[in-house]
Every structure is written in structure tokens, then in C-alpha cells.
1. Hey, could you check the stretch 123-152 for residues that are more than 20 Å from residue 186 (Cβ to Cβ) and out of contact with any strand residue (DSSP E or B) (no Cβ under 7 Å at 6 or more places or on another chain) and say which is surrounded by the fewest Cβ atoms within 10 Å (Cβ to Cβ)?
2. Under 17 Å from residue 30 (Cα atoms) and touching a residue at least 24 places away in the same chain (Cβ under 8 Å), is that true of residue 130?
3. Residue 122 - would you say it is modelled with pLDDT under 95, over 26 Å from the mean Cα position of the chain (by Cα) and not in a strand (DSSP E or B)?
4. If residue 102 passes every condition in (1) at pLDDT below 95; (2) surrounded by 20 or more Cβ atoms within 10 Å (Cβ to Cβ) but one, which one does it miss?
5. Applying the selection to the stretch 136-153, what residues are under 32 Å from the mean Cα position of the chain (by Cα) and either outside the structural domain of residue 94 (by TED's automatic domain parsing) or in contact (Cβ under 8 Å) with a residue 24 or more places away in the chain (or both)?
6. Any residue at all in the stretch 185-206 that's without any contact (Cβ under 8 Å) to a residue 60 or more places away in the chain, part of a strand (DSSP E or B) and under 14 Å from the mean Cα position of the chain (by Cα)?
7. Please state which one of 13, 46 is out of contact with any strand residue (DSSP E or B) (no Cβ under 8 Å at 6 or more places or on another chain) and either at pLDDT 70 or above or part of a loop (DSSP other than H, G, I, E, B) (or both).
8. Do you know which residues across the stretch 65-101 are closer than 18 Å to residue 29 by Cβ, part of a loop (DSSP other than H, G, I, E, B) and over 18 Å from the mean Cα position of the chain (by Cα)?
């Protein structure tokens, strides 16, 4: 009975975490450049509880790590002169928020009052030298090459700072569609295959996520039934033991 209760409760906790991740994927289906995540189960080495009945060798799992799908999402045509999409999967724009440098694949940019290129969240977009990209307000619409060089007419404004990482899936989310290097050293991407007038969409597959949600829901129902049956069995055993004692 103890084993059934422990395994059932552990399964419920694990499945609840997996459901949260699926729900988050679905909620970000329309978030530009969002990367879908999948929960990874890990064996708990130190057992949180010990069962008195057999079998004693009961293992527990938890969800501590995530696998991120870093594949490129579909490019949506916008025609915006400051909308940029990266076809290279391991490529991120460098941006500065406050004193920190972060990275993003969300290329929906605009200009502030001083003609500085910035993200929708207010982070300043950096060039390949780590400086803010500043446009000429009278220079006309910009054009960009597939290597990230921006021009206004015949004048080169600069080259967008685009970087890759040894393990891009290990980057840490910091909110606002930004990523922290998490101790990794950024490396300049020479050919990011940058496109102008497009925005990378989320790579979440709605059908796969809904299917996964149904599977998790069914598994949670089974785990709940296991816990309920074990609890009923425990109550019955206690009741009969009480009758025997009397």
C-alpha cells in the first residue's frame, strides 16, 4: 500500500510539471522566435521516502531538466524594414538591457527618439563591436545583407552583432524574449543568413502539444486512481484490523 501511494503521488507531481510545460508551449504559439520545450524525467538518487512493504526497491523520478527544440520557426513576411529574421539556427542578436548584454532571436526592431535600434522590450540592439546601432533619421529606409550589414543609401550604418553558442539549448531565459549566455562564450556568426522584412515565428507544433496534453491527462487520471485505490485499501485494512483487535 505504501509503495502504491508513494509511486502514485510521485507520478502526479511529475505529470503536473509536464503539463505546465506543455501549457506554456501552447500559450507561446504566437510569440516570435519562441522555442518549444519538453520535460526530461530524471531518476531520484536519494529516495524521499522508504516503503515498509515489498518491493523495497522502488524508484522515483522528477522533472528538473528541459530539452529545447532550437530549430528555426517559420518566417512570416511582414515587409517591415526593421524586421529581421535569422535562418541560421545557432544565431542570436546581441542586445543591451541596462548594464547587461543578452541575446535574442526576436528581430522585431524599431527606433527610439534618438534613432537607436531597439527591441520591443526596450533593449538596445548592438553591432559587431558591442556598440548601439544608431541610424540617420534623414538617411532613408535601411537595407540589410545576409551577413547583417545595414546600409542607408550608400552609407554603411554598421553590422549587426550576431552570435552563436557551443550549446544554444543551455541558454537561460531571462524574460522579454531574451537569453543569458549562462557562462558560455559567444562566438560571432559570419553568415547568419539574415532576411529583412520577416519575423521568425514560434516553432511550437500545436498538434504535437495537444496530443501530448491528452496523453499526460490520461496518465494523471490513472495515477489518481492508483492513489485512491491504495488509500481505500489502507482504510479497509485498518478497519479490519480494528475489528480483529476488538
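The values are calculated or read from the model by the stated rules, or taken from the named source; none is laboratory data. These numbers were taken from a predicted model, which means no experiment stands behind them. Virtual Cβ from ideal backbone geometry, glycine too; neighbours counted across all protein chains shown.
1. 138
2. Values: under 17 Å from residue 30 (Cα atoms): no; touching a residue at least 24 places away in the same chain (Cβ under 8 Å): yes.
No; evaluated as a whole, the condition is false for this residue.
3. On the way: modelled with pLDDT under 95: yes; over 26 Å from the mean Cα position of the chain (by Cα): no; not in a strand (DSSP E or B): yes.
So residue 122 fails the test.
4. (1)
5. Taking the stretch 136-153 first, the residues under 32 Å from the mean Cα position of the chain (by Cα) are 142-150.
Hits for the stretch 136-153 are 142, 143, 144, 145, 146, 147, 148.
6. In the first step, residues of the stretch 185-206 are kept if they are without any contact (Cβ under 8 Å) to a residue 60 or more places away in the chain; the result is 185, 187, 190.
Narrowing the set further to residues that are part of a strand (DSSP E or B) leaves 187.
Imposing the further condition that a residue be under 14 Å from the mean Cα position of the chain (by Cα) reduces the set to none.
Checking the stretch 185-206: not a single residue is without any contact (Cβ under 8 Å) to a residue 60 or more places away in the chain, part of a strand (DSSP E or B) and under 14 Å from the mean Cα position of the chain (by Cα).
7. Working: 13 fails: out of contact with any strand residue (DSSP E or B) (no Cβ under 8 Å at 6 or more places or on another chain).
46 is the lone residue from the list that is out of contact with any strand residue (DSSP E or B) (no Cβ under 8 Å at 6 or more places or on another chain) and either at pLDDT 70 or above or part of a loop (DSSP other than H, G, I, E, B) (or both).
8. Step one: list which residues in the stretch 65-101 are closer than 18 Å to residue 29 by Cβ, which gives 66, 68-76, 78, 85.
Filter once more, keeping what is part of a loop (DSSP other than H, G, I, E, B): 69-74, 78.
Residue satisfying the conditions is 78 alone.
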